[in-house]
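Asks: The structure follows.
The values are calculated or read from the model by the stated rules, or taken from the named source; none is laboratory data. Keep in mind that this is a model prediction, so the values were computed, not measured. Backbone-built Cβ (ideal geometry, glycine too); neighbour counts: all protein chains shown. Accessible surface is based on the protein model in full, side chains and every heavy atom, while ligands, DNA and RNA are left aside. Shrake-Rupley method; radii C 1.70, N 1.55, O 1.52, S 1.80 Å.
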Amino acid sequence: MTMTVERHTASAAGGEERECAVRLDHVTKSFGSRRVLDDISLDVAEGRGFVILGRSGTGKSVALRHIVGLVRPDSGRVFVRGDEISALSGEPLARVRRQIGFLFQSAALFDSISVGENVAFPMRRHTPWPEAEIRDRVMAKLQSVGLDQDYEKMPGDLSGGMRKRAGLARAMALDPALLLVDEPSAGLDPITCEEIDELLLGLKQQQGTTLVVVTHNIPSARKLGDELVMLHEGRIAAQGPVQVLEQSDDPLVRAFMASSHSG
Amino acid sequence: MLELARSRAATHLASVGEFAVFAGNAARQSLVPPFELQETVRQLYELGLRSAPLIAASGLAVGVVLSMHTRASLERFGAESMIPAGLAMALVRETGPLTAGLLLSGRIGAGIGAELGAMRVTEQIDALEASAVDAFRYLVVTRVVACVIAVPILTTIMNFAGILGGFIAERAATGMSLGLYFERAFSLINATDYVPATMKTMVFGFLIATVSSFLGFNTTSGTEGVGRASTRAVVLSSISIIVANVVLVRLIFFLFPEAAG
Amino acid sequence: MQKNRLPVVGAFVIAGLLLFSVGLFLIGDRRMMFSDTFEVYAEFSQLAGLQSRAMVRVAGMNAGEVETIQLPATPSARFRVKLRVREDLHQLLRLDSVASIQTDGLVGNRYVQVDSGTDGSPRVEAHGTIRSREPFDLAAMFERMTETVDLVTTTIKDVKVGVDAALTALSTTATDAQTLINDIGTEVRAITTSSQKVTADLQVIVAGVRQGRGSLGKLANDDEFYDKVKAIAGEAERAVGNLREASESARDAIKDFRGDKGPVNSVVGDLQQSLVAARETLSDLADNSEALKRNFLFRGFFNRRGYFDLDDISVEDYRRGALETKDRQVLRVWVSSAVLFETDASGRERLTDDGRARLDSAMAPFVDYSRNTPFVIEGYAPGATRDAQFLLSRSRAQMVRDYLVGKFGLDAGHVATMPLGHEAAASPANGQWDGVALAVFVEKTSR
C-alpha cells in the first residue's frame, strides 16, 4: 500500500506518462451505497502483462471497465496511453477505444452475426479496407486462434472455449496495443484455459501487446503477470511481481496465492 | 410504509425522466448523421417485413369480423349498402391504426425488449461500446427509425387486408363484386380520414421502439431480467400507444376539423 | 451479410408506399382529382350544415365535390359555394339547372344536388353561377305560413269594418242591403273561423317542429309533404290576395256610395264575389292543414295538446269511456226529445223553435271552455229494433250538431255525434233516454 503510493508519486513527479499504457489516478467508484473502488491508483507499463487479482465481487472487472471508458469514476482520473479516457466522449473517446481490445468474460459475441462477421465487425466499422482484405485478415485472426474452419458458424453454435477464442480474435481484430481481458478462465476447463493463456502470452511476447488481465485463477496470473495487483474490498491489498505477493505479510494474500486453480 | 411508497414514487418518476431523456436523444439522433444505414435496413427487415404476414392475416380476420358486426347492426336500419363504407371508414380511421399498433407493440416490443435485454446481460452492448461503436445510435436509433418507417406501412397493409377481409365476408353474404365493393368502401373516406390516421402510427412506431429499447437497454439481473424487460416492453408500449392515441385523435380533429365529421 | 436484404427491404418500403398511394388514388378517384373538371357556383342563404369537400351529384350521379364555401359579407348576402364538377357532365348543366342541398339517406352527409336543365336552355359556362333552391327549413316554412294566415285574420278584420260601414250606409238607401249585410256577414264569419283555426294548428306544428327538429329529417326529403306545405303557403297567400281585393271593393263601394253614383249593387256584388273566393281558398287551406295535422309525424303534437281525432272513436270505444281519461271529466246536459223535436208531415223529425231555445240555454255552461275541448252530441231514441234506435238517435244528434255548429261557430273538428240508442247508463231516467245529451270533456285541472 505504502509502496504503491510512493511508486505513483514518483512516476507523476517524473511526468513520464508516455511510458504508461494505463494509469488509474485515485479512482473511486460506488454503485448505490456500495463502494467498489476506493481510491485506487495504479500504472501499467507498456508491453507488460498486468494481472488484477481478487475474490469475486472485489471490483476487478469494474477497474477494467474504467480503462475502456465503459464506467466512469466518481472521482479520480483514468489515462490510457496519455489520454484521459475518463474525461473523453464522442469521437475522441472512440479514437482511444480503437487502440484497446477487450475480451469479455462471456466473450460477448454478437449473436445475430456469424463468427467471421464478429471478427470483421471492428474492421468494417473502423477501417477503409476493401472486402477482400477484410476477409483475409479475418481468416488470419481466426487461424491464429484455431477457428479458421468456423467463419460461417453462428456464435450460438460454439462451445465456451471456442467462443472465448473467437472473442479474442475480435478483440485483436485491429491489432490494438492494449488488450483488456476479463476472467479468461471463467467457465472453461483447465486445458482450454491453458490454451487461452498461451494465446494471450503469445500476443504479449510476439506483438508486444500490453495485457491487463482480471482473474482469480492463480496459474493464469502466474503465467501472464509480470506485475500483479490484488484487490480486496475496493482497495489494493498487495502489488508487485508474483514473488512479492507470495511473500506478503498479509495472510489473506498469501492464502490466495497458495490456492490452486479455482476455475 | 409511507417512506417506502415515497421512495417508490421517486424511483418511478426518475425512470420517467430517464425515459424522456432517452426518447429525446433517440428522436434527435435519428435526424442527425451519421446514420447506421445498414443496421437500419436490417431492422426494417426484422421488425417490418417479418411482421407483414402477422399484420396481413390479422387484418383479414379483423375485416371479416368487422363486416359481420356492421352487417348485424346496419341491417336493422336497412342500411346494408353502407357496410363497405362503414367498414372501410372504421378501419382506416381507427381500427386499422390501433390494432396494427397493438399487434406490433406485441411483436416488435417483445422482440426489441428481449433482444436488447439479452445483449445487455451478455455484455454485447458493452462490447459494442468497447469496439468504439455508439451502441445507442447503433441499436436504439436504428430500431426507432425502422419502426417509424415500418409501422405506417404495416398499418396500410392492415387497412387493405381488413377491407379485403370485409370483401370476402360481403362476397359470401351478398355476392357483391370487387369493383363495386371498393367503390363503396372508399365512397365516404376523405384524405383527412386517411392520411392523418395513417401518419399518426409513426408516433406509435416511435413509442414502441423507444419504450422497448429503453427497457431492454436498461435490463439488469440476468436472464430473468430479460424476460421481465420483454414483458414490460409489451405492456408499456401498448399502454403508451393507447394513451397517445387519445391525444393524437384529438390533435387530428383540431388540425383537420373535417376528420371529426 | 445484410446486403441481400437491401432489395427485399426496399421492395417492402416501396410496396408500402404504393399501397398507401393506391388508397389515396381510390379516394382521389372519387374526388375527380385525375379527370377533367370545371367549376360552377351556387349561392345559398342557408347551408344546412354543408361542408367543403361534400359530394356533388348531377342528376343523381356522383359528379364532383364542393371545393370551397365563400362566406357572405353581409347578412343579406349569400354563401357562395364553389362546385367542382366532372367535365363530361357539363352538357347536363344548363342555365335552368337548380342546385339544392340534400341529405344522403335518413342520417347521411349533406351533398349538393344539381338537377340537369332542359334541352332548350344554354349550357352553364365554367365559373358561371347556377340557380339554387334554398334548403328546406321546416320550422321557418311553417312560421312564414303562420304569419301569412295571421295576416288573413288581420285583413279580414279591416275588411269587415269597411264592409260593415259601407253596408250600414247603404242600407239607408238600398232596399236589399239588409240581405247583403247578412250574406256578407256569414262569409266574413266563416273566413275568420277558418283562419283562426289554421293559425292555431300551424302554431302547434311550428312549436312541435322546433322541439323535434332532428327527427323530422325525413319530412324534409319527402316530396309529397314538401308539395303540400308549399300548397298551403300558396293558398294562404292567395287568400290574403282575395281579401285585399275584397277590402278594395268595400272601399270602392263606400266611395261610390258617397259619390252617389253608379250601381251600388254591382259594387256590393264584386265585394261578395271576392269574399266568396277568399272563403273558398281558406276552406282549401283548412283542409290541407287538417291533412297535415293527420300526418303521422305531427299527430303527436296535437295529441299532446289535447286535440282528439273524434272521427276515429267508435261508438263502442265511446261507451267504454274513451274520452274520459284521467285528465278529463265529462259535463253532460240532458235534453228531452219532447222539447226538441216535432214530427213534420212526411213523418221526419225536425227541431222546433222551443228546441232551439232550449239548446241555446243548454250551451250556456259550455261556451267558456276552450275551442279544443272535445264536444260530443249524444243521440238517444227509443225504437222497436236496435237499427231503428240507431238511425233515429243518429239523425237527432246530427240535427242538433248542425244547429250548434252553425249557431255558435263551433270548430267542426272538435264536435262529434254519437248515436247511442235507447240505453243511457248515466241518465236521470232509469238508465234510458229519449232525446240528446250534450257532453263536454273538460280538463280536470282547468277549473
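Asks: What accessible surface, in Å², does a 1.4 Å probe find on B:ILE189, ignoring ligands, DNA and RNA and rounding to the nearest 10?
Replies: Surface accessible to solvent at B:ILE189 totals approximately 0 Å².
Asks: Consider a paramagnetic label point 7 Å from the Cα of A:LEU252 along Cα→Cβ; state which residues of region A:54-80 have an amide N under 19 Å from it.
Replies: A:54-64
Asks: When only C-alpha pairs under 8 Å and at least 6 residues apart count, what is the relative contact order of chain B, in percent?
Replies: Value for chain B: 31 percent.
Asks: Give, as ranges by residue number, the residues of region B:196-217 whose backbone N falls under 12 Å from the point 7 Å along Cα→Cβ of B:THR231.
Replies: none
Asks: Just tell me how shielded B:113-126 is by partners: mean number of partner chain Cβ atoms within 10 Å of each residue's Cβ, no decimals.
Replies: Across the residues of B:113-126, the mean count of other-chain Cβ atoms within 10 Å is 3.
Asks: In square angstrom, rounded to the nearest 10, how much accessible surface does A:ASP226 have for a 1.4 Å probe?
Replies: In the full protein context, A:ASP226 sits at about 50 Å².
Asks: A further question on this structure: Full-extension gain between C:VAL330 and C:ARG131, please, as 0.36 nm times their residue separation minus the C-alpha to C-alpha distance.
Replies: 65.9 nm
Asks: Sticking with this one: Given a cut-off of 22 Å, name the pairs among A:LYS60/A:LYS223; A:LYS164/A:LYS223; C:LYS157/C:LYS407; A:LYS29/A:LYS223; C:LYS197/C:LYS407; A:LYS29/A:LYS164 whose C-alpha atoms lie farther apart than that in the structure shown.
Replies: A:LYS29/A:LYS223; A:LYS29/A:LYS164
Asks: A:HIS26 to A:ILE191: FRET efficiency via 1/(1 + (r/R0)^6), r the Cβ-Cβ distance, R0 45 Å, to the nearest 0.05?
Replies: Between A:HIS26 and A:ILE191 the formula returns 0.65.
Asks: Amide H neighbours of A:GLY49 under 5 Å, at least 5 residues apart or on other chains, H built in the peptide plane: list them.
Replies: It is A:LEU211, A:ASP226, A:GLU227, by chain and number.
Asks: Which value results when the Cα radius of gyration for region C:22-133 is divided by 2.2 N^0.38 Å?
Replies: After normalising by residue count via 2.2 N^0.38 Å, the value is 1.04.
Asks: Now for a different question. Arrange the residues A:ASP197, C:ASP287, A:ASP175 by how much accessible surface each exposes, largest first, with a 1.4 angstrom probe.
Replies: So, going from the largest accessible area down, we get C:ASP287, A:ASP175, A:ASP197.
Asks: Of A:SER33, B:SER105, B:SER187, which has the most accessible area and how do the rest follow, probe 1.4 Å?
Replies: A:SER33, B:SER187, B:SER105
Asks: For a label point 7 angstrom out from the Cα of A:GLN207 toward its Cβ, which stretches of region A:157-172 have the backbone nitrogen within less than 19 Å?
Replies: A:162-172, by backbone N distance to the label point.
Asks: Once you sort the root eigenvalues of the Cα gyration tensor of region B:11-65 as a ≥ b ≥ c, which label holds: rounded (a/c under 1.5), prolate (a/b larger than b/c) or oblate (the other case)?
Replies: Oblate shape, in that a/c is at least 1.5 and b/c is the bigger or equal ratio.
Asks: Computed FRET efficiency, Cβ-Cβ of A:ALA45 and A:ARG135, R0 41 Å: what is it to the nearest 0.05?
Replies: With a Förster radius of 41 Å, E is 0.70.
Asks: Only helices at least 15 Å long along their axis, Cα-based, and averaging -0.5 or more on Kyte-Doolittle count here, so list those DSSP H runs from chain A.
Replies: Qualifying helices, which must be both long enough and hydrophobic enough, are A:2-14, A:190-207.
Asks: Another question, if that's okay. Counting heavy atoms of the protein chains only and a 1.4 Å probe, report the per residue accessible area for chain B as a whole number of Å².
Replies: For chain B, the per-residue accessible area is 43 Å².
Asks: Using the Kyte-Doolittle scale, which helices in chain B average at least -1.0 and also have C-alpha atoms spread 30 Å or more along the helix axis, with helices defined as whole DSSP H runs?
Replies: Long hydrophobic helices here: B:2-29, B:52-76, B:96-121, B:142-174, B:191-217, B:222-255.
Asks: Between A:ARG55 and C:ASP158, what is the spin-label point distance in nm, taking each point 7 Å from the Cα along the Cα→C-beta axis?
Replies: 11.8 nm
Asks: Between C:ALA388 and C:GLN46, what is the spin-label point distance in nm, taking each point 7 Å from the Cα along the Cα→C-beta axis?
Replies: Distance between the two pseudo-spin positions: 6.3 nm.
Asks: Here is a further query. Can you give the net charge of the other residues whose Cβ lies under 13 Å from the Cβ of A:ARG222, counting K and R as +1 and D and E as -1?
Replies: Residues near A:ARG222 contribute -4 overall.
Asks: Using a Förster distance of 56 angstrom, determine the FRET efficiency expected from the C-beta separation of C:PHE79 and C:ASP368, and round it to 0.05.
Replies: So, using R0 = 56 Å, E works out to roughly 0.60.
Asks: Points 7 angstrom from Cα along the Cβ direction at C:GLU248 and C:GLU39: gap in nanometres?
Replies: If labels sit at C:GLU248 and C:GLU39, their model points lie 4.8 nm apart.
Asks: Can you give the average number of partner chain beta-carbon atoms within 10 Å of each beta-carbon in peptide B:174-186, as a whole number?
Replies: Average neighbour count from other chains, rounded to a whole number: 1.
Asks: Which value results for Rg/Rh of chain A when Rg is the Cα radius of gyration and Rh the Kirkwood radius based on the inverse mean 1/r?
Replies: Taking Rg over the Kirkwood Rh, I get 0.97.
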